[in-house]
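The values are calculated or read from the model by the stated rules, or taken from the named source; none is laboratory data. Please read all numbers here as calculations on a predicted model, not as lab measurements. Here Cβ is always computed from backbone atoms with ideal geometry, including for glycine, and neighbour counts include all displayed protein chains. Accessible surface areas use protein heavy atoms only, side chains included; no ligands, DNA or RNA. Shrake-Rupley method; radii C 1.70, N 1.55, O 1.52, S 1.80 Å.
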Amino acid sequence: MLGKKLFSFGHGYSAQALERLLARDGWDVTGLTRSAEKAQKMRSRGTMALIDGQDDIQAELASSSHLLISAAPSDAGDPMLTHHRDALRAAMPNLKWIGYLSTTGVYGDHGGLWVDENTPTTPLSQRGKLRAQAEHAWQELADEHAVPLSIFRLAGIYGPSRGPFSKIKAGTARQIIKEGQYFSRIHVEDIAGAVFASMNAPNKSGIYNLCDDMP
């Protein structure tokens, strides 16, 4: 069903929240994961699941109208651009929209000042630098093929089974005491809603910071 079919690369926590929205709106979703266990869970929910490195993704990707990338880059670069570039280039003529889930970490440390989408990216951490490089690589590819690209820079994600109380229960909580420190967060359902809105309005593609109104 070309026109309402999403190919999701790195089908994790945020993409699964989006999956629930799409299912109610009649979309087909194909998720690519490296975990056989996650693939089985996806199939139990009625989502097409492919295992990276085992399944051929070219046909599914070529029949998709929308592409979401949420897999983290490594020192080798963005994994989809590194390992699936040929299949991706073949699919570009059919794509109506590309979404990339990034991080507000690309802004680096601005000394407590507020940032917005026009703030220069000056990442300090290796994770932030890799995300900024991946953003640039996807922007180059999207521009080359004239496909709308939305980059979503996410704050810290919380939601069901992910948040401070869940971390306390799991014994992974950390106490951070720093005068004047603010923590920026975003609920997973708000991420899904923003991405869903963008998918339905590709002409409004661009860079969006996704975070709660109040840090």
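Please determine, by comparing only the residues of segment 13-50 that are of a type outside the set (A, V, I, L, M, F, W, C) and crowded, with 19+ Cβ neighbours inside 10 Å, which one is nearest to the chain's Cα centre (by Cα).
Step one: list which residues in segment 13-50 are of a type outside the set (A, V, I, L, M, F, W, C), which gives 13-14, 16, 19-20, 24-26, 28, 30-31, 33-35, 37-38, 40-41, 43-47.
Filter again for crowded, with 19+ Cβ neighbours inside 10 Å, leaving 14, 16, 19, 28, 30-31, 33, 47.
Values: SER14: 7, GLN16: 11, GLU19: 12, ASP28: 18, THR30: 14, GLY31: 12, THR33: 13, THR47: 18 Å.
It comes out as SER14.
Taking segment 144-174 on its own, how many of its residues are assigned to a loop (DSSP other than H, G, I, E, B), touching a strand residue (DSSP E or B) at 6+ places or on another chain (Cβ under 9 Å) and free of Cβ contacts under 8 Å to residues at least 40 places away in the same chain? Before you say what the answer is, go through the steps one by one.
To start, the set of residues in segment 144-174 that are assigned to a loop (DSSP other than H, G, I, E, B) comprises 146-148, 155, 160-161, 163, 171-174.
Within this subset, residues satisfying the condition of being touching a strand residue (DSSP E or B) at 6+ places or on another chain (Cβ under 9 Å) are 147-148, 155, 163.
Remaining after also requiring free of Cβ contacts under 8 Å to residues at least 40 places away in the same chain: 163.
Qualifying residue count for the region: 1.
Collect the residues in segment 192-203 that are over 13 Å from the mean Cα position of the chain (by Cα), open to solvent by 40 Å² or more (accessible area, probe 1.4 Å) and more than 14 Å from ALA146 (Cα to Cα), keeping them in residue-number order.
Listed by number, the residues that qualify are ALA197, ASN200.
Please state which one of LEU50, LEU68 is outside any helix (DSSP H, G or I), in contact (Cβ under 8 Å) with a residue 24 or more places away in the chain and closer than 24 Å to LEU141 by Cα. Spell out how you get there, then give the answer.
Numbers: LEU50 fails: in contact (Cβ under 8 Å) with a residue 24 or more places away in the chain.
Step by step, each of LEU50, LEU68 is checked, and only LEU68 is outside any helix (DSSP H, G or I), in contact (Cβ under 8 Å) with a residue 24 or more places away in the chain and closer than 24 Å to LEU141 by Cα.
Please tell me if ASP143 is open to solvent by 70 Å² or more (accessible area, probe 1.4 Å) and within 24 Å of LEU21 (Cβ to Cβ). Break it down stepwise before answering.
Values: open to solvent by 70 Å² or more (accessible area, probe 1.4 Å): yes; within 24 Å of LEU21 (Cβ to Cβ): no.
So ASP143 does not fit the description; no.
Could you figure out which of (1) in a helix (DSSP H, G or I); (2) of a type outside the set (Val, Ile, Thr); (3) open to solvent by less than 70 Å² (accessible area, probe 1.4 Å) isn't true of SER102?
(1)
Take the residues in segment 123-132 that are open to solvent by less than 70 Å² (accessible area, probe 1.4 Å) and not aliphatic (A, V, I, L, M); name whichever of them is nearest to ASP78 (Cα to Cα).
Result: ARG131.
Given the conditions (1) open to solvent by 60 Å² or more (accessible area, probe 1.4 Å); (2) at pLDDT 95 or above, and given that GLY53 satisfies all but one, which numbered condition is not satisfied?
Result: GLY53 passes all but (2).
So GLY171 fits all but one of (1) surrounded by fewer than 11 Cβ atoms within 10 Å (Cβ to Cβ); (2) within 16 Å of LEU68 (Cβ to Cβ); what number is the exception?
It is condition (2) that GLY171 fails.
In segment 204-215, which residues are exposed (fewer than 14 other Cβ atoms within 10 Å of the Cβ) and either β-branched (Val, Ile, Thr) or in a helix (DSSP H, G or I) (or both)?
We begin by selecting, within segment 204-215, every residue exposed (fewer than 14 other Cβ atoms within 10 Å of the Cβ); these are 204, 206, 213-215.
LYS204 - this is the single residue of segment 204-215 that is exposed (fewer than 14 other Cβ atoms within 10 Å of the Cβ) and either β-branched (Val, Ile, Thr) or in a helix (DSSP H, G or I) (or both).
Condition first: of a type outside the set (D, E, K, R), in a helix (DSSP H, G or I), surrounded by 14 or more Cβ atoms within 10 Å (Cβ to Cβ) and touching a residue at least 24 places away in the same chain (Cβ under 8 Å). Can you find one or more residues in segment 175-191 that meet it?
At the first step, the residues of segment 175-191 found to be of a type outside the set (D, E, K, R) are 175-177, 180-184, 186-188, 191.
Narrowing the set further to residues that are in a helix (DSSP H, G or I) leaves 188, 191.
Next, from what is left, pick out any that are surrounded by 14 or more Cβ atoms within 10 Å (Cβ to Cβ): 188, 191.
Still in the running and touching a residue at least 24 places away in the same chain (Cβ under 8 Å): 188, 191.
The answer is yes, given that some residue of segment 175-191 is of a type outside the set (D, E, K, R), in a helix (DSSP H, G or I), surrounded by 14 or more Cβ atoms within 10 Å (Cβ to Cβ) and touching a residue at least 24 places away in the same chain (Cβ under 8 Å).
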